[in-house]
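Reading through the structure tokens given below for one structure.
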Amino acid sequence: MKLLLHPLPVRIFHWIMALTISYLVATGLYLHDPWGTLSYGVMRKTHTIAGIILVLNLWGQIYYYLVTGKYTEILFTPHDFPNLRSFFRYALFITEHHPNYGRYNPGQKVLFTCWGLAALLAGAAALPYFFPEYADWLSRPLGGLGGIRIIFYGIAMFFLATIPLHLYLALTEEPAKLQAMFSGYINKEPKGK
Ligand code: HEM
């Protein structure tokens, strides 16, 4: 029996997010410390375009999850606190089983929530570059343009440190779930078989 695990909008949002964030981190590191013969101007322009696409995609995701009410499936909310204990016991090999957490476990939810917040913060930190006439006013709460550079660097390091974890779990945990992020569907044995 085929079950729709990831509807089309979720898959489109996911792959746009994955591509733009990977591109932003790679080109951001290049812009921070250029090397070789690559064009700085092209890198800067495509980096900006990827950032705009990421932020538009993020607003699309926020709209989709609010309208469908499914945000509790991916965001870490106060209701998830009691699940942390069993999750850590399972993750630290203290127990062999864990309760059914729904679509994502509390660890995944913390990661997805932090990624969303990091992308929102990066979008806000980019505003002074889009509105140079208000740059002083927009950048002051973030420590000026110097502070913003540190924020971008920190966000890039955060993604670099956490994406491998997501890839490791996506590629090793359950091949059917990985395939579902492409096709949308997962094959489920009917109950009783
Ligand atoms: C920067 C890169 C990436 C980011 C920011 C990212 C982000 C996310 C997010 C937010 C979700 C939750 C999606 C939802 O239900 O709406 C998710 C799920 C998922 N991602 Fe990624 N992703 C990235 C790269 C990848 C790549 C390269 C793969 C495959 C090799 C992948 C495979 C998956 C799978 C299989 C799930 C579902 C996990 C499950 O059902 O347990 N992701 N990802």
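The values are calculated or read from the model by the stated rules, or taken from the named source; none is laboratory data. This structure is a prediction, so every number in the text was calculated from the model and none was measured. Only protein heavy atoms, including side chains, enter the accessible area calculation; ligands, DNA and RNA are left aside. Shrake-Rupley method; radii C 1.70, N 1.55, O 1.52, S 1.80 Å.
Region 57-109 and region 141-185 have their alpha-carbon centroids 16 Å apart. Per residue, the average separation of C-alpha pairs within less than 8 Å and at least 6 apart gives the chain a relative contact order of 32 percent. Per residue, how much accessible area does the chain have with a 1.4 Å probe, in Å²? Per residue, the chain has 68 Å² of solvent-accessible surface. In region 2-187, the convex hull through the Cα atoms has an average projected area of 13.2 nm², a quarter of its surface area. Membrane-span-like helices in the chain, defined here as complete DSSP H runs extending at least 24 Å along the helix axis by their C-alpha atoms with mean Kyte-Doolittle hydropathy no lower than 1.0, are 8-32, 106-130, 144-172; this is a sequence and geometry rule, not a statement about a membrane. To the nearest 10, the accessible area of residue 1 is 130 Å² with a 1.4 Å probe.
The accessible-area ordering, largest first, of the residues 103, 140 stands as 140, 103, per a 1.4 angstrom probe. Element breakdown for the chain at a 1.4 angstrom probe: carbon and sulfur atoms account for 69% of the accessible area.
Seen through its C-alpha gyration tensor, with square-root eigenvalues sorted a ≥ b ≥ c, region 111-152 comes out prolate because a/c lies at 1.5 or above while a/b is bigger than b/c.
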